[in-house]
Amino acid sequence: MSTTQTQAATATPSSSNKRFESLALNPATLANLQQLGYLEMTPIQAASLPAALAGKDLIAQAETGSGKTAAFALALLERLNPRRFAVQALVLCPTRELADQVTIEIRRLARATDNIKVVTLCGGVALRGQRASLEQGAHIVVGTPGRVMDHLAREYLNLEALNTLVLDEADRMLDMGFFDDMATVAKQCPKERQTLLFSATYPEGIEKLAQQFMREPLRVQVAAQQTESLIEQRFYEVTRANRFEAVALLLNHFRPISTLAFCNTKQQCKDLVTYLQAQGFSALALYGELEQRERDQVLAQFSNRSASVLVATDVASRGLDITQLEAVINVDITPDPEVHVHRIGRTGRAGESGLALSLASMNEMGSVGKIEQYQKRESVWHKLDELKPTGQGPLLPPMVTLQILGGRKEKIRPGDVLGALTADAGYSREQIGKIVVTEFTTFVAVQRDIALAAMQKLNAGKVKGKSVKVRLL
Ligand code: ADP
Ligand code: MG
């Protein structure tokens, strides 16, 4: 377990103290924590609460289940004035389920103080009831960006007295295309406020959020526990002639649903993708010079599981956050051992097991040696001819991407697309995967067996009251 703080002068003794008593919390809250069985702080709580209670902006990253809710809830509760009948804290969450969970946890932590009102604002429920709850006086609002925006637009919700804005599960909100909605809400909050951002991963968009809405945020990160031991590392010796063939053998043998394959050069990426595609694999390349539009499309297809192999350079894969990645293949060994550890750490996230396969030719053995020294362990070698082809062809990805021509510019939101496919076209939520809305286009993943019909239904129907053009990628 390692805790890194990216700002100097913050490694105070209190940040390593696990006792809740070391914090400036009121005695009733401390007693309540005892009753809840919260005997000591989790690492992310210990790393973020001292700064959060001191009123600093914070970007906190830690894996799911690490106790992030209490890390912001205790801070916003401590600052709250229950006698002031106004919304003093707003927590934005990606989904209704998560908003409900956060509301429950806040109520649990708030029960030491009398009469703190928490109101949840999510879609799928009539606005009227929510409006009534707001009118009865809410101290804390927890909601999804779209519904919170609706209440702001109708002036049912007023944020003038807000002290604390929390973006919870910010990575998932970005994933779901809520950047603009978050921006709209943040603009309606007072400038003088504390902004707390919590996330399990650290995709590119987080920096953009930080630059636009936060003031000198402190960054705290708690690395996942023992991820490394969950990653199985295997090395294979290859020659220049059979390197690509070895990649195909590994893919056919292990059959991972999602594989990130690293090459040292852009040319190698392109060549490998050409080879894999010719062999029938669903593979895409990611390298520096792609236009933003192309990059968006590649990332959407890979992260929604409608392409099984992403072949990337190290630079291009920076900021890429894919939560479920069964395998990483080092097509070329990197000369930098730190990069190697970073590459393989992409698999085995959030306590899942992962497979890291490395191909090395004779002239890369020096780099392998450096990796061994850096990791303080010997590499485990396997033989390519132990890999038995399964007799089946290349794995077909479980999902297919539909591209809707139209995005944020047309005010399309993920919920609109989901509605068109579930309420209108009659599919179940489980048949629909990730929905990504970019500026001009929308990518929606659907299960392979319904792809063609879903495309036809969308083409014949309406999204947000308008006809749309849809194609299969
Ligand atoms: P995250 O948001 O990081 O995914 P949660 O905030 O949902 O995690 O917390 C996960 C679980 O851990 C919850 O059931 C919560 O009640 C519990 N929990 C949080 N903090 C503590 C603590 N200090 N001690 C014991 N349990 C805790
Ligand atoms: Mg959470």
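Between the alpha-carbon centres of the range 165-203 and the range 423-473 there is a gap of 26 Å. How far apart, in nm, are two points set 7 Å out from the Cα along the Cα-to-Cβ line at ARG377 and at HIS342? Each label point is offset 7 Å from its Cα along the Cβ direction, giving 2.1 nm. Under 5 Å from the amide H of ILE329 lie the amide H atoms of LEU260, ALA261, PHE262, LEU357, each residue being 5 or more positions distant or on a separate chain, with H modelled from the backbone and absent for Pro and chain starts. Per-residue extension of 0.36 nm, minus the Cα-Cα distance of ASP424 and GLN456, leaves a gain of 10.3 nm for this segment.
Let me check against my output: what whole-number percent is the relative contact order of the range 7-222, with C-alpha pairs under 8 Å and at least 6 apart? Once divided by the residue count of the range 7-222, the mean separation gives 27 percent.
Using only the Cα atoms of the chain, build the gyration tensor, take square roots of its eigenvalues as a ≥ b ≥ c, and label the shape rounded, prolate or oblate: rounded if a/c is under 1.5, else prolate if a/b is larger than b/c, else oblate. It would help to have the intermediate numbers written out before the result.
Numbers: a/c = 2.43, a/b = 1.37, b/c = 1.77.
Oblate shape, in that a/c is at least 1.5 and b/c is the bigger or equal ratio.
Measuring r between the beta carbons of LEU127 and ILE257 and using R0 = 41 Å, the FRET efficiency lands at 0.55.
Taking the Cα centre of the range 7-222 as origin, work out the dipole magnitude from +1 charges on Lys and Arg Cβ and -1 charges on Asp and Glu Cβ, in debye rounded to 20. Intermediate results must be reported in sequence, preceding the final value.
Numbers: 23 positive and 23 negative charges, 115 e Å.
The calculated dipole for the range 7-222 is roughly 560 debye.
Taking a point 7 Å out from the Cα of GLU245 in the direction of its Cβ, the residues of the range 366-386 whose backbone N falls within less than 19 Å of it are 382-386. Specify whether the C-alpha gyration tensor of the range 228-386 places it in the rounded, prolate or oblate class, a ≥ b ≥ c being the square roots of the eigenvalues: rounded for a/c under 1.5, otherwise prolate if a/b is larger than b/c and oblate if not. Rounded, because the longest to shortest axis ratio a/c is under 1.5. Listed cross-link partners LYS434/LYS469; LYS56/LYS434; LYS187/LYS462; LYS409/LYS434; LYS409/LYS457 are compared with a 25 Å cut-off, the Cα-Cα value being larger for LYS56/LYS434; LYS187/LYS462.
Backbone phi angles across the range 190-196, fed through the Karplus curve with coefficients 6.51, -1.76 and 1.60 (θ = phi - 60°), yield HN-Hα couplings of x, 5, 7, 7, 9, 10, 10 Hz in residue order; Gly and Pro are listed as x.
As a length-normalised measure over Cα pairs under 8 Å and 6 or more apart, the relative contact order of the chain settles at 14 percent. Take every Cα pair under 8 Å whose residues are at least 6 apart in sequence, average their separation, divide by the length of the range 228-386, and the relative contact order is 36 percent.
Quick note: the coordinates plus some simple rules give every number you see, no bench work behind them. Because the structure is predicted, anything quoted here is derived from the model rather than measured. Quick reminder, even Gly has a Cβ in these numbers, built from the backbone with ideal geometry, and neighbours come from all protein chains shown.
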